[in-house]
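Bear in mind these aren't lab numbers, they're just calculated from the coordinates by the rules spelled out. As the structure is a prediction and not an experimental result, all values here were calculated from the model. Neighbour counts run over all protein chains shown; Cβ positions are idealised from the backbone, glycine included.
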Amino acid sequence: MDYTTLIQLLDSTVRFATPLLLACLAGLFSERAGIFDIGLEGKMLAAAFFTAAVASLTGSAWIGLMGGIAASLVLAGIHGVASITFRGNQLISGVAINALAAGMTVLIAQDWFRQGGRTPPLAGNARFEGITLPGAEALADVPVIGPLYADLISGHSVLVYIAFLAVPLTWWVLFRTRFGLRLRAVGENPAAVDTAGVSVVGLRYAAVMICGVLCGIAGAYLSTALQAGFVKDMSAGRGFIALAALIFAKWRPWYALWATLLFGLFGALETRPDVIQAVIGLKVPGPLLGGLPYVMTVVILAGFVGKAIPPRAGGEPYVKER
Amino acid sequence: MDVMPKWAEVVLVPLISLLLAAIISALVILAIGEDPVAATKLMVEGAVGSVRGWGYTLYYATNFIFTGLAVAVAFHARLFNIGGEGQAMLGGLGVALALLFIPWPHWTIGLIAAALGAAVFGAAWAFIPAYLQARRGSHIVITTIMFNFIASALLIYLLNEFLKPVGQADPSSARFADHLDLPTLNSVLTGMGIKASKDDSVNVTFLIALASAVAVWVLMWRTRLGYEIRAFGHSESAAKYAGINPVRITVITMLISGGLAGLMGVNTVMGESEKLLLNSTEGAGFIGIAVALMGRSHPVGVVIAAILFGFLYQGGAELALWTSIPRELIVVIQALVILFTGALDNMVRMPLERMFLAARLRRAPGPERKPAEPAK
């Protein structure tokens, strides 16, 4: 494998990893606050559609992004009402949200655009195009560093940079602010937080809403940057891979970055079977590679490679003692 | 103490939840510029207005009975088996393997072999998540989700690499032998001299599904194992003190659950397509969750809910054919049913409980309440 191929492979790794990373951080906020969220997939899908739809109607990807985040927040709100206010089963609520998004996106797409459940193809300002970082063109001819900077680091859409900046930001919020400390506490021991006079319900809603915003950006990336428009079921299980990455990362932001990059690499390799064959001299079938993140997650969950311990109060509605 | 009488618990709460789901579905239909009343009429006509309609309604219902029972059995042990989809896929694989490589002389023997293959493969796919949950504390919801995706990857791989006949482009197995076709409702009716359509639809597997429902009822409420499963579901610690082995119960429950989900493969793979297709489950595993929630995890409720969803599925297909309402409307309705009967259960229950409590207090005033004593 030559250097150009490597850069290409890493470049598509970044593209595949971005939505996973955003969704993974989304799940991180929610689950650290004690709210399980298997509805990441649905929120991403809804955001992907509404971003593309609004962008195609207004011609602006940024207004589209707002629409996508709003849609994701609505679903996050439903999840909050069901699992925080009415203390329902968070997993069942997540399943409902996934199905709701899968159905509603096609229904509305058909009603608005009549193109068989898709949006019209997006172009120009309706998409988040790749941006060239300063000096990329000047450096492009420098050996080794040139392609690395010009082709791998530069040239992505703004959402990619937002996603990567979200990692240190998430770390800082969760581990260096009072809000973050309380948020993590509410996922471990809500009663203690309550005793300290901080609202458990308020904190959990805040976490669920942050989760909604991040899922919204993830979905927007799918339909306006990775692809040009919405097609039915375009999230294609990414929400679940993000969930897998979250467990893989043991609910930590920096680990989440590495986990999603690893899973992104699998995605990139799936599209380049020739590279695998050249490197390890063995023909690995694509579907098996696609299944690898899930297998690895099960192995991690089984505790064979380090133990993944979820936040202690995860999944349990908080009932105040009377 | 139960606040509500039993009939309210069993009938009223699900009915109100269902009504809420129906109202919102009607609003959705209105919002996309169609007439909900006309849509309902079309669905009723398409799903139960003809022999053909009934055939498909019951065909879909057969799938949902299996997956619904699978989820329901697991619910009784307070396990959430979200992996019905993957288990059903593997069940289909079991059917195909049982029928492709052994020349069964007659469909009856073939059916037994296929059912065994389906149940064993489905159960095997549920075994690993069950074992990991019981022994290593891995969350069964996450592992079963992962196993859905692994099943799908495995199926794509096997179909493309091994089961696809040489020279064929689309990923499906070879057709099973003709004499292994299952008798369908239509063939029975034609045999009796009643003219029906030629479509293959509901077949003898429907009877297996009904028998499974009865078997689940017997298991749950008439056997020691069923008692242990329910006791474990009510309180794990109490079950442990009573000498019930949690590992054993978790694994056995999931084996039964996975086996039931796997059996769905008999209906789709042997009964309908007569070969293994890539996507023969069509999300039926997830509908099982809605069915189990709506049926309150009781076999009778599951069968009723499954037939209702069969009606929705077939009616939805007709709607998509005659109007501009896409089939995905059914997915929306399914989501609303899961939301209201599952996640928002308390929203319906709390006001009702308050109502019944108020009514009871009015009817039989308890010991007279004294005014609070003034603080000294």
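Numerical summary
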{"item": "Cβ neighbours within 10 Å from other chains - mean over A:101-111", "result": "6"}
{"item": "The protein assembly as shown - Debye-derived log10 I(q)/I(0), Cα point model, q = 0.11 Å⁻¹", "result": "-1.24"}
{"item": "Partner chain coverage, peptide A:79-92 - average Cβ within 10 angstrom", "result": "5"}
{"item": "Integer Hz, Karplus 6.51/-1.76/1.60 couplings in order for segment A:161-169, x for Gly and Pro", "result": "5, 4, 4, 6, 6, 5, 5, x, 5"}
{"item": "Estimated [θ] at 222 nm from DSSP helical runs (n ≥ 4, -39500 (n - 2.57)) normalised by residues in the protein assembly as shown, nearest 500", "result": "-22000 deg cm²/dmol"}
{"item": "Size of electric dipole in chain B: Cβ of Lys, Arg +1 and of Asp, Glu -1, about Cα centre, debye, nearest 20", "result": "1520"}
{"item": "Phi-based couplings in Hz for segment A:25-32 (Karplus 6.51, -1.76, 1.60; Gly and Pro marked x)", "result": "5, 4, x, 4, 4, 5, 6, 5"}
{"item": "Sorted by Cβ density within 10 Å, fewest first, the residues A:65, A:282", "result": "A:282, A:65"}
{"item": "Reach of residue A:283 by Cα under 14 Å, taken over aspartates and glutamates that are not fewer than 8 positions away in the same chain", "result": "A:270, A:274, B:161"}
{"item": "Distance cut-off 27 Å, percentage of C-alpha pairs in segment B:35-323 lying past it", "result": "41"}
{"item": "Total lysine pairs whose alpha carbons fall under 25 Å of each other in chain B (8 or more apart, or interchain)", "result": "4"}
{"item": "Gyration tensor (alpha-carbon) shape descriptor, segment A:74-166, a/c threshold 1.5", "result": "oblate"}
{"item": "Cα long-axis angle, helix A:286-301 against chain A (0 to 90 degrees, to the nearest 10)", "result": "30"}
{"item": "In degrees, nearest ten, helix A:178-188 long axis to first principal axis of chain A (Cα)", "result": "70"}
{"item": "Calculated P(r) tail over 32 Å for segment A:3-239, as whole % of Cα pairs", "result": "26"}
{"item": "Per-residue mean of C-beta atoms belonging to partner chains within 10 Å, peptide A:275-288", "result": "2"}
{"item": "Global size of segment B:1-145 as Cα Rg and Dmax, reported in angstrom", "result": "20.6, 59"}
{"item": "Length gained when the stretch residue A:319-residue A:74 is fully extended (0.36 nm per residue, less Cα-Cα span)", "result": "85.8 nm"}
{"item": "³J(HN,Hα), Karplus 6.51/-1.76/1.60, whole Hz, each residue of segment A:267-277, x for Gly, Pro", "result": "x, 5, 5, 4, 7, 10, x, 5, 5, 4, 4"}
{"item": "Residue exposure sequence - A:95, A:201, B:247 - by fewest surrounding Cβ within 10 Å", "result": "B:247, A:201, A:95"}
{"item": "Max mean-square fluctuation residue, GNM over chain B, Cα-Cα springs under 10 Å, options B:324, B:212, B:173", "result": "B:324"}
{"item": "Kyte-Doolittle at least 1.0, axis length at least 20 Å by Cα - qualifying DSSP helices, chain B", "result": "B:13-31, B:84-100, B:107-136, B:140-158, B:205-222, B:246-265, B:299-322"}
{"item": "Selection from A:157, A:71, A:122 lying farthest towards where the dipole of segment A:3-239 points positive, charges on Cβ", "result": "A:71"}
{"item": "Residue A:122 long-range amide H proximity, modeled H, under 5 Å", "result": "A:229"}
